């Protein structure tokens with residue numbers, strides 16, 4: 001398990017890529033895949049690994065970025081980057097993070113409690129840099145509106161609207177009882193952006209309401225006919 005007693009800030013791992021923001025600030029923002037969730041522990045890392053495997057199968061050079069993680073260090077075996085590497089089979093040098101905090105709370109509060117703050121411009125520049133060189137998958141933290149920056153702003157506030165013209169936003173949730181309201185609220189919160197794909201990850205636990213689980217995917221397909229929907233099985237671990 002991650003060392004949750006360590007609340008200090010950890011910057012990008014040794015050997016991380018530096019960003020020449022002055023030169024790249026003149027370029028159009030590249031496309032990338034952004035994986036967001038309706039909540040924490042809904043399967044964002046699982047979907048990120050699926051996307052990385054698919055990009056690799058298309059003979060692209062994928063990379064993974066977790067801008068902020070909480071609840072441990074990026075090097076921990078149960079961290080999102082480590083789990084994503086295990087599930088995707090991607091070499092370790094193609095998976096990285098920027099900020100890590102030991103306490104399992106929202107990114108903004110974790111940073112404040114560590115005596116620092118998260119820089120939205122640094123995240124934007126890092127994503128641009130990597131997306132210009134790789135088929136990049138970026139995994140968010142918590143839900144769509146989880147506070148990242150001072151004032152409670154979420155990760156989408158790091159971008160100008162035109163930055164995300166070529167971005168593919170993947171919204172991740174579960175197919176179980178309660179998902180309909182969570183998904184519809186998250187899609188409303190995403191506006192003016194829209195989801196490119198909706199992913200439902202089945203939880204590897206007993207299901208007390210199997211009827212809702214069996215019906216919800218088709219209900220969502222009927223409610224949201226313009227958004228492709230995929231269902232994934234969660235690993236048992």
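Observations, loosely collected:
- Viscosity 1.567 mPa s, 4 °C: Kirkwood-radius Stokes-Einstein D of the range 67-142 over Cα pairs, µm²/s: 99 µm²/s
- On Cα atoms only, tilt of 210-223 relative to the major axis of the chain in degrees: 70 degrees
- Each residue in 219, 127 was given a count of other beta-carbon atoms within 10 angstrom of its own, and listing them fewest first yields 219, 127.
- Taking a ≥ b ≥ c as the square roots of the eigenvalues of the Cα gyration tensor, an a/c ratio below 1.5 marks the range 84-187 as rounded.
- Order by protection proxy (mean Cβ within 10 Å, highest first), peptides 77-85, 153-161, 100-108: 100-108, 77-85, 153-161
- Three-way shape label, the range 158-237, alpha-carbon gyration tensor, a/c 1.5: prolate
- Distance cut-off 33 Å, percentage of C-alpha pairs in the chain lying past it: 13 percent
- Descending by average beta-carbon neighbour count within 10 Å, the peptides 163-172, 45-54 line up as 45-54, 163-172, the highest first.
- Mean separation of Cα contacts under 8 Å, 6 or more apart, over the residue count of the chain: relative contact order %: 25 percent
- With both residues required to sit in the chain, DSSP beta bridges show an antiparallel share near 5%.
- Ordered by the number of other Cβ atoms lying within 10 Å of each residue's own Cβ, fewest first, 179, 197, 185 fall into the sequence 185, 197, 179.
Read the figures in this text as sums done on the coordinates, not as results from a lab. Model, not experiment: these values are computed from the prediction. Glycine gets a Cβ as well: all are built from the backbone with ideal geometry, and neighbour counts include every protein chain shown.
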